[in-house]
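The values are calculated or read from the model by the stated rules, or taken from the named source; none is laboratory data. No experiment lies behind these values; they were computed from the predicted model shown. Neighbour counts are summed over all protein chains in view; Cβ atoms, including those assigned to glycine, are modelled from backbone coordinates with ideal geometry.
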Amino acid sequence: MKTEKSIDSVTLTIINNYLVNTCREMGLAMMKTSYSSIFNEGLDFSCVIFDRDGEMVGYAEFCPAQIGAILYTMQWTIAEIGIENHNDPYRGGCHMPEHTVIQAVYHDGELYGFIGNIAHVTEIGGKAVGGFAADAKEVYQEGLRLPPVKIIREGEPVEDIWKIILENHRTPRTSWGDFHAMLGSLNVAERRLHQLLDRYGFDEILTAGKQLMDYSETRMRAEIRDIPNGEYQFDDWIENDGVVPDKQYRINCTVIVEDENILFDYTGSSPQARGPCNCTYGVTASATFNAMLNITDQTIPRNSGCAGLRSKCVTPRSQWRRQFRDPRADRRCPVRLPIRCCAGARRCSDRCQFMQFPFRRDTPKYRSVLRKLPHRRLRLGWQGNRRRQSHTVPNQRKLPEYPGRSLRDTLSLADEKVSHRRRFGRARSAARRVWQRKGYRSTCTGNYRFELYGQA
């Protein structure tokens, strides 16, 4: 019987850093070769490496809200994996704009594991631009839903699948470019993994991955033991599902800490909504893991060990596993909830705006415009919302791509007559002039009615 040898801590650290940096290099390749600003500026993607058992051994810090989705995608579709693409929320995914591409890696004819990424594609068809149909009543209105399908077979594109995908997107050229950026990052990871396997050997790398997961699990359990035993509860509200007017939906999170185990219980939430504010299990798990990664030691290697998948030391329990056909485009509120429950409550209002212009058929722009809304307390006082996912995109980057120009982009001062305790402070105000007669625009909004957390 062959026994696994123990690997020293120095070599483990080198291998872990190599895996993490490989994932970062995957993201860099996506950023530099993509067509849309949500890739090359917003970095709305995640890159991961799995071993042959589907356990995550490498992860880079890009968009943590997607980590649970790609983990469960691997678990639930691993038997189908070749070089495949899918965006199906019912197979571990988030919402349908986020596509997952996964490829098997063989070294000397033997399966080592899998490499993959999940990324937000700007346009997927559907009744609303960008896939955020705020009044969708079923998933078919949100866009093109792909089961795991092969888009590359034996190194060649599967033309029929590509035709189906691109013909159902409003901006096929940009979708084509972003998908190929995702595929190119897989080439980077495959090359780097072959170099690592050649250097250390097949068995040693597999053993190192298992030891790293054991190490991460041990440290995560130690972090949980530092949290006092008990129950911690927090509520958030979805103010409107886009379909049923003036009906609020409660999202409840109860964190139960018992020694070295922690349970995130969402079963106190409202039943599923008719509109697109429901969540898959992948989203709920992503929110849970994201919260744990934010309140624990940042030096713990990020893999399936610290995510609690192997021993269930971190467990999400949810009734938000939506039924088939129900829409779920907007899942922002549940993503924030466990972080507030763990790290203190801070109110966050969201306004997402999507604009597309059809000239040259290559200009989908994903923007999130937030203005004059309460957000969080910074050192300068209560500040207005920051622009999610586009707050890193400067005007100089956007203006050459939009058929228009910026008229104003300032911080506006809120009403100074209110007390300091309830003052909203400064918020962003912007104005754009568009030089295009025809275009598409959709808007999702939320969190206007309830008080700021922590304020009377």
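Identify, from the list Ile295, Ile251, the residue that is of a type in the set (Val, Ile, Thr) and buried (at least 20 other Cβ atoms within 10 Å of the Cβ). Being of a type in the set (Val, Ile, Thr) and buried (at least 20 other Cβ atoms within 10 Å of the Cβ) holds for just one of Ile295, Ile251, which is Ile251.
For (1) touching a Ser or Thr at 6+ places or on another chain (Cβ under 6 Å); (2) under 18 Å from Ala307 (Cα atoms); (3) aromatic (Phe, Trp, Tyr); (4) not assigned by TED's automatic domain parsing to the domain that holds Leu206, each residue gets a yes or a no:
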| site | (1), (2), (3), (4) |
| --- | --- |
| Ser36 | yes, no, no, no |
| Asp51 | no, yes, no, no |
| Gly54 | no, yes, no, no |
| Thr73 | yes, yes, no, no |
| His99 | no, no, no, no |
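Of the residues making up the range 124-141, just one is in contact with a helix residue (DSSP H, G or I) (Cβ under 6 Å, 6 or more places away or on another chain) and surrounded by fewer than 22 Cβ atoms within 10 Å (Cβ to Cβ), namely Lys127.
Scanning the range 169-216 for residues that are over 19 Å from Met31 (Cβ atoms) and of a type in the set (A, V, I, L, M, F, W, C) turns up Leu193, Leu196, Leu197, Phe202, Ile205, Leu206, Ala208, Leu212, Met213.
Of all residues in the range 1-12, those being in a helix (DSSP H, G or I) and surrounded by 14 or more Cβ atoms within 10 Å (Cβ to Cβ) number 1. The residue pairs whose first member lies in the range 232-247 and is more than 8 Å from Gly275 (Cβ to Cβ), whose second member is modelled with pLDDT of 80 or more and hydroxyl-bearing (Ser, Thr, Tyr), and whose beta carbons are closer than 8 Å, counting only pairs six or more residues apart or on different chains, are Tyr232/Thr254; Gln233/Thr254; Trp237/Tyr249; Ile238/Tyr249. For the structure I just gave you, tell me whether Asp259 is closer than 30 Å to Ile38 by Cβ, in contact with a helix residue (DSSP H, G or I) (Cβ under 7 Å, 6 or more places away or on another chain) and not aromatic (Phe, Trp, Tyr). For Asp259, the condition - closer than 30 Å to Ile38 by Cβ, in contact with a helix residue (DSSP H, G or I) (Cβ under 7 Å, 6 or more places away or on another chain) and not aromatic (Phe, Trp, Tyr) - is not met. The number of residues in the range 30-64 being buried (at least 21 other Cβ atoms within 10 Å of the Cβ) and assigned to a helix (DSSP H, G or I) comes to 4.
Exactly one residue among Asn40, Asn85, Asn117, Asn16 is among the polar types (S, T, N, Q) and in contact with a Cys (Cβ under 8 Å, 6 or more places away or on another chain), and that residue is Asn117.
Pairs linking a residue in the range 257-277 that is under 30 Å from Asn229 (Cβ atoms) to a residue that is charged (D, E, K, R) and crowded, with 17+ Cβ neighbours inside 10 Å, with Cβ atoms under 6 Å and 6 or more positions apart or on different chains, are Glu260/Arg221.
All conditions but one from (1) buried (at least 24 other Cβ atoms within 10 Å of the Cβ); (2) under 13 Å from Ala119 (Cα atoms) apply to Leu71; the one that does not is (2). Kindly indicate whether any position in the range 264-282 is within 30 Å of Cys47 (Cα to Cα), modelled with pLDDT of 80 or more, surrounded by fewer than 21 Cβ atoms within 10 Å (Cβ to Cβ) and not aliphatic (A, V, I, L, M). Scanning the range 264-282 turns up at least one residue that is within 30 Å of Cys47 (Cα to Cα), modelled with pLDDT of 80 or more, surrounded by fewer than 21 Cβ atoms within 10 Å (Cβ to Cβ) and not aliphatic (A, V, I, L, M).
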